[in-house]
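Below is one structure, written out as structure tokens; comments come after it.
No lab work stands behind these numbers, since they all come straight from the coordinates. Predicted model only: the values in this text are computed from it and were never measured. Note that we place each Cβ from the backbone using ideal geometry, even for glycine, and neighbour counts take in every protein chain shown.
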Amino acid sequence: MTNNWIWPDVSDKTSARKAVEQGVLACGIIAALDAGIAIYANLNHQRFAGYGASIWIDGVLFALIGWGLWKNSRIASALGLLLMAIEIADKLLHHPKTFNFVTIFLLLAILNSVRGAFALHGQSKKVQILSSASTPQPLG
């Protein structure tokens, strides 16, 4: 098990779970930033960095995805990666000044959560196969 947060090893349960937790943290950061922008835009009746009060929808989606990741959901991890890709495309097309190294780190964290969630489910299947192979089956 290596301690590389950029591209962590997900070959065992502990490291795969840590990779998933990266995505949980990234989703929490995105949700918090989006909530802050939405509150600012709503209170001041103006946009912040090109984003209006409707960005709270994005924040809620990332909060829900983070909760799904906490539960090791492969669907949540895939939806998180899809939503992050859409968000990056939006940043590049409409708000290029908001695309920076933080965006790349958040993308890597969500990508690692996908790897971790799928690795966790793959490892649980291996355990099931091994335990069923070692259990004698009744005849007849």
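With respect to the stated conditions, Ala117 is surrounded by 19 or more Cβ atoms within 10 Å (Cβ to Cβ), in contact with a Lys or Arg (Cβ under 6 Å, 6 or more places away or on another chain) and within 20 Å of Trp7 (Cα to Cα).
Return the residues of segment 31-85 that are touching a Ser or Thr at 6+ places or on another chain (Cβ under 6 Å) and farther than 20 Å from Ile104 by Cα; say none if nothing qualifies. Break it down into steps so the answer makes sense when it comes.
Let us first name the residues in segment 31-85 that are touching a Ser or Thr at 6+ places or on another chain (Cβ under 6 Å), namely 49, 69, 77.
Listed by number, the list is empty, since nothing qualifies.
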